[in-house]
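Colleague: Sending over a structure as structure tokens; questions will come in a sec.
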Amino acid sequence: MTRIDAKFAELKDQGRKAFVSYIMAGDPDFDTSLAVVKGLPGAGVDIIELGLPFTDPMADGPTIQVAGQRALEGGMTLDRTLELVRAFRQGDDTTPIVLMGYYNPIYSRGVAKFLDQAKAAGIDGLIVVDLPPEEDDELCLPAQAAGLNFIRLATPTTDDRRLPKVLTNTSGFVYYVSITGITGAAAPEPSDVAPEVARIKAQTDLPVIVGFGIRTPEAAEAIAGIADGCVVGSAIVSELASGRGVEEVLSFVKSLSDGAHRA
Amino acid sequence: MANDLFNSFMTGPDENGRFGDFGGRFVSETLMPLILSLEEEYERAKTDQGFWDEMNHLWTHYVGRPSPMYFAERMTEHLGGAKVYFKRDELNHTGAHKINNVLGQILLARRMGKTRIIAETGAGQHGVATATVCAKFGLKCVVYMGAHDVERQSPNVFRMKLLGAEVVPVTSGRGTLKDAMNDALRDWVTNVRDTFYCIGTVAGPHPYPAMVRDFQSIIGKEAKAQLMEQEGRLPDTIIAAIGGGSNAMGLFYPFLDDKEVSIIGVEAGGKGVNAKMEHCASLTGGRPGVLHGNRTYLLQDDDGQILEGFSISAGLDYPGIGPEHAWLHDIGRAHYVSITDAEALEAFKLSCALEGIIPALEPSHALAHVMKIAPELPKDHIICMNMCGRGDKDIFTVAKHLAWDMTGSS
């Protein structure tokens, strides 16, 4: 059982929805992002999604693109990202961390070596945007064998015929992408998302978490209400980008998690 | 050997879109159903005589195919060795090989009921070809082009606009061809229902590398038949320039099983293939990685971050290369070399002076390699080089590099 599985068991017992927050590792610099990550559990975050910066984030909107560039310009690397996770784990051994990014930095490191290092650092799961089920042999299967969750994205274009393929070999939770589009784009309509979540839940026992386009406590509440939880990324990253201090960012995160937890 | 399927180099990719370890389908889930349905449609079209009849009709009457196979007599005399032929794909409508592929993809888009076409472009040739065919068929066309390229290829930007396309200058990342491709993918992921992504080279997720190669293979098929007619035999060496590698793959593919034909791809060496990475030679200066839907050789740093290429030619300025080239490189069936900006400029000038052909900077790279090897080869050695584009779009760039005054006052 990973920290992710344990967290969902705990939330289920409490009858609570999950609030998942995304920030980019090293944005705007190592120390600031570490301070934010350390503060997330206290701000009501159940699962931390940590972005691994990449030069070519094809599924991300401008907010997260620029966050990645800031991190890279500040000297962020895969090693430094793992170092950030280790630093967080010194004070928190329960909050799950999901590393989210693209395949090339991982492939460049070497899959076996990366998995050893990620596991040792205290990462619990991976979301790798450019690895669909068709490429499961690359990282998904080795990651599961290494005891990490491999969390897959399901999208509005994933029809019923394809859904079983997406759900096979998925673990931890299913991340439902609420819109066709990139991160930080248009807000999803809860009434559009609800039947999609039901469609997925009909085929899996895994929790279904919805992300993309959620920016406000109200939206977090509405979306979490029709799923097992929600993810907010770009809205938090925007706060950091606009120069807000760590405390201000964390209080914004708290307002979002309160929203989700009201659901 | 061509009939021996067990040893054929022409059977790839496999059902997962792999050429050896290269290629594949490294895209987000949102796009996965789209590329699977494209693959299905392409498989159907491939064996549909009606599809190819329409292609052939357009190739003949709209593009102007077959393009000539031209014996470059004065170039041959000047170099003093091998006999040099140019495959004249720069004479195609829109001035480059790009339209061969665009026609195929747009016909597929029409079969799939898509009404909006998006494309990325570097030098602007693929953008112009896409805008052209969209105008012909009344389709909405949006072209993503790096802001830096918009500036250095302004004649092509104007052409695209005249043809009714919307040109989106890409400022994300560093505003080059790879960023234009990122933004095109972001558009596609957002507009999945009505939009067809017309990729300009033999890269991207399966089935694009194979599909674009198949459409461009008309170049090699014609070249083979034309040289058989003019020389009574196959060439000894075929040469083409490579950015993503579509004109090269188009020339090479029909010759892959003709073992006696030596195949050479020419990458952009920029200021020289050195540690500073001021070049675009993915095969000679890069290593395998995953970008834009496929595994191939990429310019990247030790941490797997993608590096910007550098070349005088906007059409070669891409940090990757088509996966089939990566495979041909690894198995040794084709050889890949690099040519610097300075060498390409010399070739550009020589083609103008000796043959009355203003080449694009992309095939100028191929010609520069011809100039290196032809003098050392016997007079009965036949080289066929793909003159894949004309140089009208490049005259301002070349003038700048040669420090010529273009105002007409001197």
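Taken together, the values in this text are just the output of simple stated rules run on the coordinates, not laboratory data. Source: prediction; values computed, not measured. FYI the Cβ positions are ideal-geometry reconstructions off the backbone, even for glycines, and counts take in every protein chain you see.
Colleague: What does the structure give for B:306-318 when I average, per residue, the other chain Cβ atoms found within 10 Å of the residue Cβ?
Modeller: Numbers: counts 6, 1, 1, 0, 0, 0, 0, 0, 0, 0, 0, 0, 0.
Neighbouring Cβ atoms belonging to other protein chains average 1 per residue here.
Colleague: At what distance in nm do the modelled label points of residue B:60 and residue A:113 sit from each other, each positioned 7 Å from its Cα along Cα→Cβ?
Modeller: 5.8 nm
Colleague: For region A:3-262, what's the relative contact order in percent, using C-alpha pairs closer than 8 Å and at least 6 residues apart?
Modeller: On the way: 502 pairs, mean separation 60.1, N = 260.
Once divided by the residue count of region A:3-262, the mean separation gives 23 percent.
Colleague: Now a separate question. Within 10 Å of each candidate Cβ there may be at most 15 other Cβ atoms; applying that plus a DSSP loop requirement, which trypsin sites (Lys or Arg not before Pro) in region A:157-263 survive?
Modeller: Details: sites: A:161, A:162, A:165, A:199, A:201, A:215, A:244, A:254, A:262; in loops: A:161, A:162, A:215, A:244.
Qualifying residues, ordered by number: A:161, A:244.
Colleague: Let me ask something else. How many Cβ atoms of partner chains, on average, are near each residue of A:131-142 if near means within 10 Å of its Cβ? Mind dumping the intermediate values first?
Modeller: Numbers: counts 7, 13, 3, 11, 8, 0, 1, 4, 0, 0, 0, 0.
Counting Cβ atoms of other protein chains within 10 Å of each residue's Cβ and averaging gives 4.
Colleague: If Lys and Arg each add +1 and Asp and Glu each add -1, what is the summed charge of the other residues whose beta carbon sits under 13 Å from the beta carbon of residue A:14?
Modeller: Numbers: positive: A:7, A:12, A:16, A:17; negative: A:10, A:13, A:46, A:228.
Result for the local shell: 0.
Colleague: Kirkwood Rh and Cα-based Rg: tell me the resulting Rg over Rh for the protein assembly as shown, rounded to two decimals.
Modeller: Details: Rg = 26.1 Å, Rh = 26.0 Å.
Across the protein assembly as shown, the Cα-based Rg/Rh ratio is 1.01.
Colleague: Additional query: Within a 10 angstrom radius of each residue's Cβ in A:181-187, how many Cβ atoms of other chains show up on average? Whole number is fine.
Modeller: On the way: counts 7, 8, 1, 0, 3, 1, 0.
Mean partner shielding for this stretch: 3.
Colleague: In the P(r) worked out for chain B, what percent of Cα pairs fall beyond 26 Å?
Modeller: Roughly 49 percent, rounded to a whole number.
Colleague: With an 8 Å cut-off on Cα pairs and a minimum separation of 6 or more residues, tell me the relative contact order of region B:1-100 in percent.
Modeller: Values: 68 pairs, mean separation 14.2, N = 100.
Once divided by the residue count of region B:1-100, the mean separation gives 14 percent.
Colleague: Grab the DSSP H runs of chain B that are 4 residues or longer, score each as -39,500 (n - 2.57), total them, divide by all residues and round the 222 nm result to the nearest 500 deg cm²/dmol.
Modeller: Details: 16 runs with 166 residues, N = 410.
Value at 222 nm, helices only: -12000 deg cm²/dmol.
Colleague: Just going by the charge dipole of region A:152-263, with Lys and Arg at +1 and Asp and Glu at -1 on Cβ, which of A:251, A:157, A:195 is farthest out on the positive end?
Modeller: It is A:157.
Colleague: Near residue B:168, within a Cβ-to-Cβ distance under 9 Å, what is the net charge of the other residues, with Lys and Arg +1 and Asp and Glu -1?
Modeller: Values: positive: none; negative: B:166, B:183, B:187.
Cβ neighbours under 9 Å give a net charge of -3.
Colleague: What is the dipole size for region A:90-159, taken about its Cα centre, with +1 at each Lys and Arg Cβ and -1 at each Asp and Glu Cβ, in debye to the nearest 20? All intermediate terms of the calculation are to be shown ahead of the outcome.
Modeller: Values: 4 positive and 11 negative charges, 51 e Å.
Value, rounded to 20: 240 debye.
Colleague: Considering chain B as a Gaussian network with a 10 Å cut-off on Cα pairs, which listed residue, B:43, B:166, B:343, attains the greatest mean-square fluctuation?
Modeller: Of B:43, B:166, B:343, the Gaussian network model singles out B:43 as fluctuating most.
Colleague: Using +1 at the Cβ of each Lys and Arg and -1 at the Cβ of each Asp and Glu in region A:3-262, identify which of A:77, A:214, A:90 lies farthest towards the dipole's positive end.
Modeller: Result: A:90.
Colleague: So, in nm, how far is label residue A:161 from label residue A:255 when the simple model puts each one 7 Å beyond its Cα toward the Cβ?
Modeller: It works out to 4.6 nm between the two label points.
Colleague: Counting alpha carbon pairs within less than 8 Å and at least 6 residues apart, what relative contact order, in whole percent, applies to chain B?
Modeller: Computed value for chain B: 20 percent relative contact order.
Colleague: Placing unit charges on C-beta atoms (Lys and Arg positive, Asp and Glu negative, everything else neutral), compute the dipole magnitude of chain B about its Cα centre in debye, rounded to 20. Spell out each step's value before the answer.
Modeller: On the way: 39 positive and 51 negative charges, 169 e Å.
In total the dipole reaches around 800 debye.
Colleague: For region B:203-312, state which GluC sites (Glu not before Pro) are in a DSSP loop and have at most 16 other beta carbons lying within 10 Å of their beta carbon.
Modeller: Details: sites: B:222, B:229, B:231, B:260, B:267, B:278, B:308; in loops: B:260, B:278, B:308.
The qualifying sites are B:260.
Colleague: Follow-up. Just to confirm a number: summing +1 for Lys and Arg and -1 for Asp and Glu over residues other than residue B:280 whose beta-carbon lies under 12 angstrom from that of residue B:280, what do you get?
Modeller: Numbers: positive: B:178, B:271; negative: B:267, B:278, B:308, B:317, B:341, B:362.
It works out to a net charge of -4.
Colleague: Magnitude of the Cβ-charge dipole of region A:3-262, K/R +1 and D/E -1, about the Cα centre, nearest 20 debye? Intermediate values should be presented prior to the final figure.
Modeller: On the way: 23 positive and 36 negative charges, 63 e Å.
For region A:3-262, the charge dipole is close to 300 debye.
Colleague: Okay, moving on. Checking understanding here: applying a Kyte-Doolittle mean of at least -1.0 and a length along the axis of at least 20 Å (C-alpha), which whole DSSP H helices in chain A pass? Could you put the intermediate results ahead of the total?
Modeller: Details: long enough: A:246-262 (24 Å, -0.01).
For chain A, where a helix must reach 20 Å along its axis and average at least -1.0, the hits are A:246-262.
Colleague: Wrap a convex hull around the Cα atoms of chain A, take a quarter of its surface area, and give that in square nanometres.
Modeller: On the way: hull surface 48.1 nm².
For chain A, the mean projected area of the Cα convex hull comes to 12.0 nm².
Colleague: Restricting the count to DSSP beta bridges whose residues both fall in the protein assembly as shown, what percent are antiparallel, rounded to a multiple of 5? It would help to have the intermediate numbers written out before the result.
Modeller: Details: 15 of 77 bridges.
So the antiparallel bridges amount to about 20 percent of the total.
Colleague: Please give, to one decimal in nm, the separation of the simple spin-label points placed at residue B:190 and residue B:342, each 7 Å out from Cα toward the Cβ.
Modeller: Rounded to a tenth, the inter-label distance reads 4.4 nm.
Colleague: Quick one: grab Rg to one decimal and Dmax as a whole number for region B:271-410, Cα atoms only, in Å.
Modeller: Values for region B:271-410 (Cα only, Rg and Dmax): 16.7, 54 Å.
Colleague: Fully extended, how many nm does the chain gain between residue B:404 and residue B:230 (0.36 nm per residue separation, minus their Cα-Cα distance)? Please report the intermediate quantities before stating the final value.
Modeller: Values: separation 174, 0.36 × 174 = 62.64 nm, distance 3.96 nm.
Once the chain is fully extended between residue B:404 and residue B:230, it gains 58.7 nm.
Colleague: Could you work out the helix-only [θ] at 222 nm for chain A, with each DSSP H run of four or more residues adding -39,500 (n - 2.57) and the total divided by the number of residues, to the nearest 500 deg cm²/dmol?
Modeller: Working: 12 runs with 121 residues, N = 263.
The helix contribution divided over chain A gives -13500 deg cm²/dmol.
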